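A.B. asks: One structure follows; several queries about it will come next.
Just so you know, all these numbers are worked out from the coordinates, no wet-lab data involved. Because the structure is a prediction, the values reported are computed rather than measured. Cβ placement follows ideal geometry from the backbone for every residue including glycine, while neighbour counts extend to all protein chains displayed.
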Amino acid sequence: MDSFISVNQESYDPDGKDYYLGYREADFKRPFAKYYNPVTPAISDEVQKGLSASPWASSIGHTPWEAKTHMLRSGYTLLENGYTTLPDGTLYIAVRTSIPQITGDAYNWWFGWHLTDTSRYKLWNPIAHQYAWRYPNTMDWSNKSLPERYINTYSFISDLSELGIDKSKFEEQGIEAMVVGRIKMGGMILLIGPQIRESKLADRLCTEHITSGFDNKSFLIHQVRRKPDGERELRSRFWIAGATPQVGHDLAVHCAIEMSRKSCIHSRGKAEYGQLIDMVE
């Protein structure tokens, strides 16, 4: 493969004074702007029901270190939608999203593609996302697999092995992709990569460029799994040490919106998917 250098489209801007929601004139000139839609999909009934019953009993949650067992089994866990607080005080959040036609490769491609460009990132959640920036600023993607394009970037997206997840079990369980990330807690503010400001969660969820100081308790996992009928689902998990139940509600809603939104983007662009992948300018 010829040299393929991935570079952030914007300079690093940590103070947020130039952040804004939605698209402006310059954004609409981008080749992928036709996929932008400020109207977000409704939250599914199952997510709404799970939130209405939350917080659930702590005993039906599990730690990130137990995900290697719970998320590699057939079927479902007791908590697929909603949140609870684990005995050690860690907030545990689960969201399941139907993504019928999104393959594992498409999901892995997305995590590499959107991190370097705010306009791309806003496609995902136009009512919340305002800024995206990846560390390192420049990466050589030559001969890189799709997951290798984002693993060990900040965000901080970790290798699956960090939580003891055995990739050899993926095929038998229909798992096509699995993303693990670290989340940093700082006082009353959650610091989470990639570097974006989440206005929907007000002062609870925002960003800062961080590469160290993680608590080894706060993680996220997104799993793309193929169901027996051939369609796919996305199972998302978050563990946030010391966070309040309100954060559980807000982050579950945020996740449900953006993952359903992502399904809409890919469904609309399915016939042009190869073209969308090539839109790197």
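A.B. asks: What is the set of long-range amide H partners of A241 at a cut-off below 5 Å, with H atoms built 1.01 Å from backbone N?
C.D. replies: L91, S218
A.B. asks: Sort H114, H249 so the one with the fewest other Cβ atoms within 10 Å of its own Cβ comes first. It would help to have the intermediate numbers written out before the result.
C.D. replies: On the way: H114 22, H249 16.
By the 10 Å Cβ count, ascending: H249, H114.
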